[in-house]
1. Apply the a/c threshold of 1.5 to the C-alpha gyration tensor of segment 128-181 and tell me whether it is rounded, prolate or oblate.
2. Just for the Cα atoms in segment 71-191, what are the lengths along the principal axes, largest first, rounded to whole Å?
3. Taking only the alpha-carbon positions of segment 107-254 and ignoring solvent, what does the Debye formula give for the base-10 log of I(q)/I(0) at q = 0.13, 0.20 Å⁻¹?
4. Principal axis lengths of segment 209-273 from Cα atoms, whole Å, largest first?
5. Once a ≥ b ≥ c are taken as the square roots of the eigenvalues of the Cα gyration tensor of segment 103-154, is the result rounded (a/c under 1.5), prolate (a/b larger than b/c) or oblate (a/b not larger than b/c)?
6. Shape of segment 154-193 from its Cα gyration tensor (a ≥ b ≥ c, root eigenvalues): rounded if a/c is under 1.5, otherwise prolate when a/b > b/c, or oblate?
7. List, in the order given, every pair from LYS77/LYS114; LYS100/LYS163; LYS111/LYS242; LYS114/LYS242 whose Cα-Cα distance in the structure shown is over 27 Å.
8. Could you work out the mean projected area of the convex hull around the alpha carbons of segment 77-133, in square nanometres to one decimal?
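Read-outs throughout are calculated quantities, based only on the coordinates presented, and are distinct from any laboratory measurement. For clarity, every value in this text was computed on a predicted model and none was experimentally measured. In this analysis, Cβ positions are derived from the backbone assuming ideal geometry, glycine residues included, and neighbour counts consider all displayed protein chains.
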Amino acid sequence: MQSSSQPAFDPTSASATTRRDAILSMTALGAAGLAMAAPALAQDAKPAGAPAAARAAFPSAEQLGWDPAKREYSLPKLAHPYSAFEPHIDAQTMEIHHSKHHAAYVAGLNKALKELEKIRKGEGDASLIKHWERELAFHGGGHANHTMFWLTLAPANAGLSGKPSEALLRQIEKDFGGFDAFMAQFGAAANAVEGGGWAWLMWEPMAQALIITQMEKQQEMYFNGARPLLGIDVWEHAYYLKYQNKRADYVKAWANLINWPAVDEFFARARGA
Ligand code: MN3
């Protein structure tokens with residue numbers, strides 16, 4: 001299971017919430033975020049003169065397990081034991097999802113970064129650039145998406161799954177006509193994802209409004225420029241052991257585990273607040 005020697009993966013920790021100038025500006029739109037972040041990372045640079053909001057990274061480089069010395073990512077620890085989400089998500093599903101599936105995305109991401117580095121140095125097969133860029137997008141998206149997923153998950157008995165803060169609740173009411181209407185649309189979007197994918201609540205900065213989007217696989221169907229706030233993984237590996245083909249039951253149960261204070265924090269960062 002999990003080692004206690006490493007710091008807990010806690011989105012509410014001071015280190016998590018103050019790292020607004022993290023070197024890696026990556027969002028749960030992993031493909032877009034990583035594809036752009038990787039070259040920037042080569043110089044460990046952030047754009048000069050960029051507004052603070054644009055530099056705010058969530059999840060942060062730290063939460064993503066980025067090691068600037070090794071230039072690779074590591075699997076983040078969860079803030080709770082795998083059994084903490086029972087009965088809504090069973091411990092076995094959590095363990096496999098985190099320690100096998102998420103771990104595989106991290107390994108695939110590191111591999112893609114290494115292979116692209118080789119190509120840059122003239123040591124790799126440049127004809128495979130398209131393959132490794134796709135690997136980067138898929139596994140980078142997978143890593144970012146799952147990191148967001150764990151950060152916005154809390155045990156049902158933690159009492160965090162009621163409703164968002166006043167600011168986010170007012171925005172939800174403005175953009176969706178009410179909290180229940182939002183939850184209904186979000187659940188319907190999640191249930192209707194074809195195959196493996198995600199549903200996301202996002203802040204869309206151009207319209208200054210919340211939107212609900214679907215994402216196919218780990219990186220497609222994103223809304224360009226939008227900032228992810230809350231997502232649900234509807235790949236079968238996220239629920240099949242307990243719910244089999246009843247995805248809607250899983251989506252309903254997951255609503256008991258939403259860590260609204262973490263979503264509130266992402267909303268504040270997305271608006272640059
Ligand atoms: Mn998954």
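1. Oblate.
2. Extents along the principal axes, in whole Å: 55, 34, 25.
3. So the normalised log intensities work out to -0.68, -1.26.
4. 40, 26, 16
5. Cα axes put segment 103-154 in the prolate bin.
6. Values: a/c = 2.94, a/b = 1.11, b/c = 2.65.
Taking the square roots of the gyration eigenvalues as a ≥ b ≥ c, segment 154-193 is oblate.
7. Details: LYS77/LYS114 23 Å; LYS100/LYS163 32 Å; LYS111/LYS242 32 Å; LYS114/LYS242 37 Å.
In this structure, LYS100/LYS163; LYS111/LYS242; LYS114/LYS242 lie more than 27 Å apart at Cα.
8. For the Cα atoms of segment 77-133, the hull's average projected area reads 5.0 nm².
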